[in-house]
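Each remark here refers to the structure printed beneath this line.
The values are calculated or read from the model by the stated rules, or taken from the named source; none is laboratory data. Owing to the predicted nature of the structure, the values given are computational and were not obtained by experimental measurement. All Cβ positions, even for glycine, are placed from backbone atoms using ideal geometry, and neighbour counts span all protein chains on display. Just the protein is used for accessible areas: all its heavy atoms, side chains included, with ligands, DNA and RNA removed. Shrake-Rupley method; radii C 1.70, N 1.55, O 1.52, S 1.80 Å.
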Protein chains: 4
Amino acid sequence: MPDTLADLRRALAEAYRIVANEGILDAFGHISVRHPGNPNRYFLSRSRAPGLVQADDILEYDLDSSPIVPPVTRPYSERVIHGEIFKARPDVNAVCHHHAPSIMPFAISGVPLVPVFHLGAAMGQSAPVWDSRDEFGDTNLLVVKPEEGASLARALGKYAVVVMRRHGATVVGGELRELVFRTLYSAKNAEHQLAAHVLGHVSPLTPGEAEMAGQLNLAPGPLARAYEYWVRRLADKEGRGKSDTSVRAAEAAARRPNPGAAVPGKASVTKTSGAKKAKAKPKPKGKKR
Amino acid sequence: MPDTLADLRRALAEAYRIVANEGILDAFGHISVRHPGNPNRYFLSRSRAPGLVQADDILEYDLDSSPIVPPVTRPYSERVIHGEIFKARPDVNAVCHHHAPSIMPFAISGVPLVPVFHLGAAMGQSAPVWDSRDEFGDTNLLVVKPEEGASLARALGKYAVVVMRRHGATVVGGELRELVFRTLYSAKNAEHQLAAHVLGHVSPLTPGEAEMAGQLNLAPGPLARAYEYWVRRLADKEGRGKSDTSVRAAEAAARRPNPGAAVPGKASVTKTSGAKKAKAKPKPKGKKR
Amino acid sequence: MPDTLADLRRALAEAYRIVANEGILDAFGHISVRHPGNPNRYFLSRSRAPGLVQADDILEYDLDSSPIVPPVTRPYSERVIHGEIFKARPDVNAVCHHHAPSIMPFAISGVPLVPVFHLGAAMGQSAPVWDSRDEFGDTNLLVVKPEEGASLARALGKYAVVVMRRHGATVVGGELRELVFRTLYSAKNAEHQLAAHVLGHVSPLTPGEAEMAGQLNLAPGPLARAYEYWVRRLADKEGRGKSDTSVRAAEAAARRPNPGAAVPGKASVTKTSGAKKAKAKPKPKGKKR
Amino acid sequence: MPDTLADLRRALAEAYRIVANEGILDAFGHISVRHPGNPNRYFLSRSRAPGLVQADDILEYDLDSSPIVPPVTRPYSERVIHGEIFKARPDVNAVCHHHAPSIMPFAISGVPLVPVFHLGAAMGQSAPVWDSRDEFGDTNLLVVKPEEGASLARALGKYAVVVMRRHGATVVGGELRELVFRTLYSAKNAEHQLAAHVLGHVSPLTPGEAEMAGQLNLAPGPLARAYEYWVRRLADKEGRGKSDTSVRAAEAAARRPNPGAAVPGKASVTKTSGAKKAKAKPKPKGKKR
């Protein structure tokens, strides 16, 4: 977690550019994080293409999506997506709204998105679908009114991803890096599901598999490994070197033996990495990674 | 809008390279703009691959597609597409003819292209299809004779995109950046429509949704945001820096709170970005973005 | 056409790297040209990945595919493809054998490749299929024996492209740049045909359209335009600048008003580019481009 | 083969980055090699995204997948995949576990992967499928317990590729470069098989063809050619020049007329590359390449 609000703005701007660099965002879409010191506020970029967002583009809003300081630039018109979800879901601290190419066929067709591989379980066991037509009839499809945002938040319910008919998807996370992981791997899951559909047999994870695999993916270890990769790919693309501050921080985090306190599999890692070449014993299912 | 004809030539050449850089144009295809001071003339590059076009490649034509100054280079053979559409459609000031990979399956199969997501509504509610065989029988499929161009313009009618069987598509716009937006997002719409077709359920926008979403996409705000993104991607690809004149101009345009006079949603933006954290009130449907 | 054999070797090596840079060749596949001064000899690289081939990798062979000078490097094992086709087809002066991703589904399935858009007509009206099993039963699928090469050449017959079951394709041309154009656009045709198949309606060009469009595509004007584009893309990828010799030569060729003597549409271009803004008159069908 | 263990670590790290650079590995997946001097040990990176792995990330394990030296970094949790396969298959000296996008539709649907073109024969005549559910019921789908690794090794049996339901695939090889070739071309085979499925006719190689083509692909000549290509593409991407040590070594290996002792086709190459332009004679089927 960032130490200061300045760090938070930098981390959020980097997340915009990572998700864009991985092909999920183009000129549109946006990411927010809740204020770590004030749950009634959140941060979101001014209206700018995600791949270009920098720390000083980040604005602060209250949960009614009104700016704290009068902005001299244009805000995103769909910011109520963020404000209304932060209101409805106290456990959510980061939100991404996007139109990823791999998600669009599901948003257009209404065919349910289901987890089809272990990393795809980051999306959860299923993803509800929201159709603006149901409550609001013909609109321009953007979510700009508070009641539209609230309706979307209700459709999201307790889930991690909500598919928006003829529009895109919105993804939520407990923190920013978890959100990025879930956003990228739920999009990859959609890509694989479509291709399996072409072969004629989509065979999803069982609820038990989805539950266990989902917890695993978002554990500190895999998250730190994946984040180092995305940070480095972005730095390479932007011509920053390996000695870039952000790259070095991500590298150090991924190198730590125990990147987090509540890491599933932490005990197991410690045990099997002990020196004496002790025979690794079978351990109870679902306890480690 | 460019201040001088020199600026216009630069903007047009940049549009060629943007549309090529985004994968819509390869060695073929072309873009024109009507002369801002003389509606009976238009500008078009000499016969050159779009990704390479520079300001001094731009030639001037009358609406019969005859050059104003005898060119010392080769012209595009299909320039009547532009001249005949400018004749038939006084509201059109920019035209793009292309063979985008995502459009080709529709051009080959004749399956109608329909708007399937909000940004895709930039294509309009539907796109007519023109088949050179209907009037001209077997040809080499190029549109080179004035009567062929006139026939295509009739097929286009009042629409924004016309699909050309076994050939490609032609897209029109009120101004150059609108044309670029419509060209790129109608191609993306085609990509998504094909993928949704694979899932078995293509569910288009209603006429009302297509109308409202279409107006919204081409409003000054979204247009400026998207254009900054495309200009920057091109500058990055061409090794020009952030301090490039064109990049800085696009950045400044996207930063302005009110990029245009008649911006839908302008009032709304002003209201909800007011400082006092006033509760945003529901507003009438379809009025803002 | 290159002036000297040294130029020819450079042009051939560049063609290898162009076709690789456009995604048609990977670690495998090869291109040959007939010796301009001795029809019983041809040039082919030593066994090397096409994207890496340089002028000094080019070896000289007789039509039995034996090297003229004992090579100190490994030759391609499938060089009889080239030798046997040069024997059977005096009109052919360049040959490309490849496993392009877009061609493979047709090579695997045996579904006939047909021209589906004007540029795809570069493949001709149809492409015969050769199956090594028919004459040779189970083999390792490579074409290494003279009788295998001769069998493939018979299957090619008078056509421009032959699809090889469970293997790839071989493409021929009257000269090197024509071969490159045909190779790239027949692969693109395959990509579009597959996508149209997904939509359920593949509607090919009529024989008349294929004939006229095919002639047009390979005329000097379009060829010079496309070649400048591919040469420049390769130079950009290889970090050579715009002032690179090869780039400047391609640029000059594409700029010339009449890049060749027998250019279809040459008269037409001259006429409509005359200065006086004379009304362009309808001209007889199929005569120009 | 590398001369020293330091060379081996460098070669293994390069293989990680090659397979990542070719799009088969992203933030996840891993590659191991058996210790050339001690068949009871193997080398594997610490838990790091493959595209970032360097020589000093490589750790040493025994076949129970316990580290030889207590690591100060995190290990991969799925290392038993490697240890258990090295136990069960003395002929295997390199293992790659991955989730390649082209393999996933087969892993999800359970549709059998079959060799569909000559280079795809590197996968062998068929690939068994392992489903963690069969023996272990609901899990998080990772292979972390010794008995899970042993079960996967049993499913692999004598084959070269095992598809893992709702997870990915594991590929084995006699040595590292063979493994890389098999990994990349079995993934490409899957891509082509899916596309041929779309056309409605998947026609696999016969067992005889698969046997002969498979042997051929992994012969020293083609292997050296392909490896030079992948090494160079990686060096280009990483900004290392042509004079890079690794690039020069791969270039020299690919240039040698006889890159290995037991090269199929070696005799044939020598014979047909003899100087005197002797007429190449037909030779017995299946003996050369």
Check your understanding: Identify, please: which residue in segment B:22-58 is facing another protein chain (nearest Cβ under 10 Å), free of Cβ contacts under 8 Å to residues at least 40 places away in the same chain and under 27 Å from B:S102 (Cβ atoms) and is, among those, nearest to the chain's Cα centre (by Cα)?
Key -> B:P50
Revision key, fill the gap. Across (1) in contact with a helix residue (DSSP H, G or I) (Cβ under 8 Å, 6 or more places away or on another chain); (2) in a loop (DSSP other than H, G, I, E, B); (3) open to solvent by 30 Å² or more (accessible area, probe 1.4 Å), B:D56 clears everything bar (2)
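Step by step: first the residues of segment A:75-84, then only those that are within 22 Å of B:A254 (Cβ to Cβ) and in a helix (DSSP H, G or I), then the one that is nearest to the other protein chains (Cβ to nearest Cβ). Which residue is that?
The extreme case among them is A:V80.
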Check your understanding: How many residues are in contact with an Asp or Glu (Cβ under 9 Å, 6 or more places away or on another chain) and among the hydroxyl-bearing types (S, T, Y) when one looks only at segment B:203-248?
Key -> 3
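Going through segment C:163-181 one residue at a time, which ones are within 17 Å of C:A100 (Cα to Cα) and assigned to a helix (DSSP H, G or I)? Break it down stepwise before answering.
Taking segment C:163-181 as the starting set, the residues that turn out to be within 17 Å of C:A100 (Cα to Cα) are C:163-172, C:179-181.
Answer for segment C:163-181, where residues must be within 17 Å of C:A100 (Cα to Cα) and assigned to a helix (DSSP H, G or I): C:L179, C:V180, C:F181.
Of the residues D:V144, D:V163, D:V171, which is of a type outside the set (K, R), within 23 Å of D:A226 (Cα to Cα) and touching a residue at least 40 places away in the same chain (Cβ under 8 Å)?
Numbers: D:V144 fails: within 23 Å of D:A226 (Cα to Cα); D:V163 fails: within 23 Å of D:A226 (Cα to Cα).
The conditions single out D:V171.
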Check your understanding: Is there a residue in segment B:215-228 that is farther than 19 Å from A:L142 by Cα and either assigned to a loop (DSSP other than H, G, I, E, B) or more than 7 Å from chain A (Cβ to nearest Cβ) (or both)?
Key -> yes
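Residues being farther than 20 Å from C:V92 by Cβ and part of a loop (DSSP other than H, G, I, E, B): count how many of those fall in segment C:33-53.
In the first step, residues of segment C:33-53 are kept if they are farther than 20 Å from C:V92 by Cβ; the result is C:46-49, C:51-53.
Adding the requirement that they be part of a loop (DSSP other than H, G, I, E, B) leaves C:47-49, C:53.
Counting residues in segment C:33-53 that are farther than 20 Å from C:V92 by Cβ and part of a loop (DSSP other than H, G, I, E, B) gives 4.
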Exercise for review: Give the residues of segment D:110-123 that are open to solvent by 10 Å² or more (accessible area, probe 1.4 Å) and out of contact with any strand residue (DSSP E or B) (no Cβ under 9 Å at 6 or more places or on another chain), sorted by residue number.
Suggested key: D:V111, D:V114
Review point. Inside segment B:227-239, can you point out the residues that are open to solvent by 10 Å² or more (accessible area, probe 1.4 Å) and either out of contact with any helix residue (DSSP H, G or I) (no Cβ under 8 Å at 6 or more places or on another chain) or farther than 23 Å from C:K237 by Cβ (or both)?
Key: B:Y227, B:Y229, B:D236, B:G239
Practice item. Answer with yes or no whether B:V231 is within 30 Å of A:A195 (Cα to Cα) and touching a residue at least 24 places away in the same chain (Cβ under 8 Å). Key: no
Review point. What single numbered condition from (1) assigned to a helix (DSSP H, G or I); (2) open to solvent by 10 Å² or more (accessible area, probe 1.4 Å); (3) among the β-branched types (V, I, T) fails to hold for A:V202?
Key: (1)
Review point. Tell me, which residue of segment A:35-54 that is among the charged types (D, E, K, R) and out of contact with any Pro (no Cβ under 7 Å at 6 or more places or on another chain) is farthest from A:I81 (Cα to Cα)?
Key: A:R48
**Study point:** A:I103 being open to solvent by less than 20 Å² (accessible area, probe 1.4 Å), in contact with a Lys or Arg (Cβ under 8 Å, 6 or more places away or on another chain), modelled with pLDDT of 95 or more and not small (G, A, S)
**Key:** no
Revision key, fill the gap. Over segment A:122-140, the set of residues facing chain B (nearest Cβ under 9 Å) and assigned to a loop (DSSP other than H, G, I, E, B) is A:G137, A:D138, A:T139, A:N140
Practice item. From (1) open to solvent by 30 Å² or more (accessible area, probe 1.4 Å); (2) acidic (D, E); (3) in contact (Cβ under 8 Å) with a residue 24 or more places away in the chain, pick out the condition that doesn't hold for A:E209. Key: (1)
Exercise for review: With the checklist (1) out of contact with any Phe, Trp or Tyr (no Cβ under 8 Å at 6 or more places or on another chain); (2) open to solvent by 30 Å² or more (accessible area, probe 1.4 Å); (3) over 24 Å from D:R233 (Cα atoms) in hand, flag the one item C:G23 doesn't pass.
Suggested key: (3)
Practice item. Residue by residue through segment A:83-97, note down the ones that are closer than 13 Å to A:N40 by Cβ and open to solvent by less than 10 Å² (accessible area, probe 1.4 Å). Key: A:G83, A:F86
Point to revise | Candidate set from segment B:59-74 (those that are crowded, with 22+ Cβ neighbours inside 10 Å and at the interface with chain C (Cβ under 7 Å from one of its Cβ atoms)); member that is modelled with the highest pLDDT | key: B:S65
Point to revise | Lone unmet requirement of (1) over 14 Å from D:G124 (Cα atoms); (2) crowded, with 24+ Cβ neighbours inside 10 Å for D:T139 | key: (2)
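Condition check ((1) modelled with pLDDT of 95 or more; (2) surrounded by fewer than 21 Cβ atoms within 10 Å (Cβ to Cβ); (3) closer than 24 Å to D:V72 by Cα) across all residues:
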site	(1), (2), (3)
A:L218	no, no, yes
A:R225	yes, no, yes
A:G241	no, yes, no
A:T245	no, yes, yes
A:N258	no, yes, yes
A:A262	no, yes, yes
A:S268	no, yes, yes
A:K277	no, yes, yes
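Considering every residue within segment D:4-23, establish whether at least one is assigned to a loop (DSSP other than H, G, I, E, B) and among the hydrophobic types (A, V, I, L, M, F, W, C).
So in segment D:4-23, the residues assigned to a loop (DSSP other than H, G, I, E, B) come out as D:4, D:22-23.
Among the residues that remain, those that are also among the hydrophobic types (A, V, I, L, M, F, W, C) are: none.
Scanning segment D:4-23, I find no residue that is assigned to a loop (DSSP other than H, G, I, E, B) and among the hydrophobic types (A, V, I, L, M, F, W, C), so the answer is no.
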Review point. For residues in segment D:154-165 being open to solvent by 10 Å² or more (accessible area, probe 1.4 Å) and more than 14 Å from chain A (Cβ to nearest Cβ), which is farthest from D:K188 (Cα to Cα)?
Key: D:R154
Revision key, fill the gap. Of those in segment B:166-193 that are within 14 Å of another protein chain (Cβ to nearest Cβ) and touching a Ser or Thr at 6+ places or on another chain (Cβ under 8 Å), the residue surrounded by the fewest Cβ atoms within 10 Å (Cβ to Cβ) is B:E191
Exercise for review: Working only within segment B:85-121, note down all residues that are more than 12 Å from every other protein chain (Cβ to nearest Cβ), in a helix (DSSP H, G or I) and in contact with a Gly (Cβ under 8 Å, 6 or more places away or on another chain).
Suggested key: B:I85
